[in-house]
Amino acid sequence: MKIKRKIGLFLTALLVATLFGCTPKPKATDLETAFPRNDIYYQLFVRSFADSDGDGIGDFKGITENLTYLKDLGVGGIWLLPIHPSPSYHGYDVADYYAVNPEYGTMEDFEELLEEASKVGIRIMIDLVLNHSSTENEWFQKSMNNDPEYRDWYVWIGASSPRKNAVGSWNQTLFHGTGDSLYAGYFSNTMPDFNVTNPEVVEEFNNIGRFWLEKGVTGFRLDAALHFFGQNEYVGITDFMENVLLLRRFRNKMREVNPDVYITGEIWDNAVIYSEFYRGVDSPLNFDAGDIILNTAMTGGNAGYSSRLRMLYNTFSLVNANFIDAPFLKNHDQDRVASLPGMTMPAMKLASEMLLTLPGSPIIYYGEELGMKGVKSGGPVWDETRRLPLKWGNNYQTTWFPDSFNATVPSILNQDEDQDSLLSFYQRIAKTRNDNPALKFGNSFIPYRNGSYAMQGFYRAF
Ligand code: CA
């Protein structure tokens, strides 16, 4: 693509200098049409975001009533953690793929969110957990009870099978249950794996995707996308490329429903592996950019930042020349940015600037924009403390889980009024991105070189 404009960005140890070229007013509508997947995304845990009815649990109406907050943050898309009925607080074990979690509201509430978000130009991507269901899912209950229609929807082996001691890729027990037959559950005994060699199951995946796209959902984040064909789960299938092919067929089906659908996937592995998934989804989530950014931000720009990113992009572009990167700092399965040892406010500001000036669809994990803290606990609570209530400082505050981490972190109410706050900083850099076509849409990334590592920077262009 012809380079029309260039923007230079330079990062130094403690001082951030952004040099933006004078650019004519962009033809935003043309670019939106050409690059419908380039947006700042906001990863949002509904339970922790905003409570509209005072029961302490975040809900769809809470999101609808706070779309302005997201617009002010420059957000063009929301990634909702699982919204389906589930026995767990997090929802990554789905009991019914065609309904919404009643704690979050009704289907009408969700449809209202889709409609209102669409009016203000915010896309909605939902987490889709297709590798496994909940044991409480009706399909699994029928399968377990030998219903001939559903028996083969899950992966069963006989109790005397030599495979019953098989383990997964982190040495975890793979087959669960008691009695004559055992089922595969790659992540947990409460998360039975679908039998993805069964065409009826694959067709059901398509039906589920179609159902939500027809409602107005604009994208999916596919959970555990490396594990559909899990290690040792099936006899004779050991190659991760089977997963890529499954995803590719799903993506193609979804594009028949909505050509602009945006599909991301969680392939938590090294870049050599996850980059291959550019053949199957629009954006395998970038599990390296966050470390590169945070290391650089905390060590003063001496980590070969731009050249390391350039090498990653080279890897991606070998698979898909038009790749859409999906970088993020931290996600719901990781300790929060603000809780990293040695983290400072200048480093968080620098990291936000680095993230929001990269190509593709950068993702902000809710609360990151406030400097919220949270680390994995040692049990009986585990990841809840990485997913704590967003700190509003008003009636929208959720209270579903006690927060002992963020007492001194200023609330949205306070940060909104403070031009030096992290939130205000995020708003400004996001606005800069959204106002500059090279930053928002440019897929060229050219490292700046001045002969030393004293200054890190890059050009963005399209
Ligand atoms: Ca509520």
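Every number here is computed from the coordinates shown, using simple stated rules; none is lab data. Nothing here was measured: the structure is a model prediction, and the numbers come from that model. Neighbour counts run over all protein chains shown; Cβ positions are idealised from the backbone, glycine included.
Figures for the structure shown
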read-out	value
Positive-pole candidate from TRP170, SER133, PHE316, dipole of the chain, charges at beta carbon	PHE316
Relative intensity, log₁₀ I(q)/I(0), of the stretch 31-172 from a Debye sum that treats every alpha carbon as a point, q = 0.16, 0.17 Å⁻¹	-0.90, -0.96
Highest average packing first - 61-69, 323-331, 406-414, Cβ atoms within 10 Å	323-331, 61-69, 406-414
Cα lying deepest toward the dipole's positive end in the chain, options PHE425, ASN198, GLN334, charges on Cβ	PHE425
Surrounding net charge for GLU115, when Lys and Arg each add one and Asp and Glu each subtract one, Cβ distance under 12 Å	-3
Built amide H within the under 5 Å cut-off of LEU222, gap 5+	LEU128, THR264, GLY265, GLU266
Stretchable slack from ILE237 to THR344, in nm (0.36 nm times residue separation minus alpha-carbon distance)	33.9 nm
R0 of 51 Å, Cβ-Cβ distance ASN450-ASN252: FRET efficiency to nearest 0.05	0.70
Charge dipole magnitude, Cβ of K and R +1, D and E -1 - the chain, Cα centre, debye nearest 20	2440 debye
Protection proxy ranking, peptides 77-84, 272-279, average beta carbon neighbours within 10 Å, highest first	77-84, 272-279
Equivalent-ellipsoid semi-axes of the stretch 242-336, from the Cα gyration tensor, Å, largest first	27, 14, 11
Spin-label pair LYS431/ARG310, simplified geometry with 7 Å Cα→Cβ offset, distance in nm	3.3 nm
Anisotropy class of the stretch 203-281 from Cα gyration tensor, a/c 1.5 cut	prolate
Bridge type composition, the chain - antiparallel percent by DSSP, nearest 5	50 percent
Alpha-carbon centroids, the stretch 387-462 and the stretch 264-341: separation in whole Å	17 Å
Options MET241, ALA407, ALA99, ranked by Cα towards positive dipole end of the chain, top entry (Cβ charges)	MET241
FRET efficiency estimate (nearest 0.05) - Cβ-Cβ, ALA159 to LYS71, R0 56 angstrom	0.50
The chain: DSSP helices with Cα axial extent of at least 20 Å and average Kyte-Doolittle hydropathy no lower than -1.0	199-215, 241-257, 305-319
Extension gain (nm, one decimal) between ASP418 and ASP269, 0.36 nm per residue minus Cα-Cα	49.7 nm
Largest-first principal axis extents of the Cα set of the chain (Å)	69, 50, 42
Dimensionless Rg over Rh [the stretch 113-159; C-alpha; Kirkwood]	1.31
Sequence ranges 96-107, 351-362, 233-244, ranked by mean other-Cβ count within 10 angstrom, highest first	351-362, 96-107, 233-244
Given LYS71/LYS215; LYS253/LYS431; LYS253/LYS349; LYS61/LYS373; LYS349/LYS391; LYS391/LYS431, the pairs whose alpha carbons are separated by over 29 Å	LYS253/LYS431; LYS253/LYS349
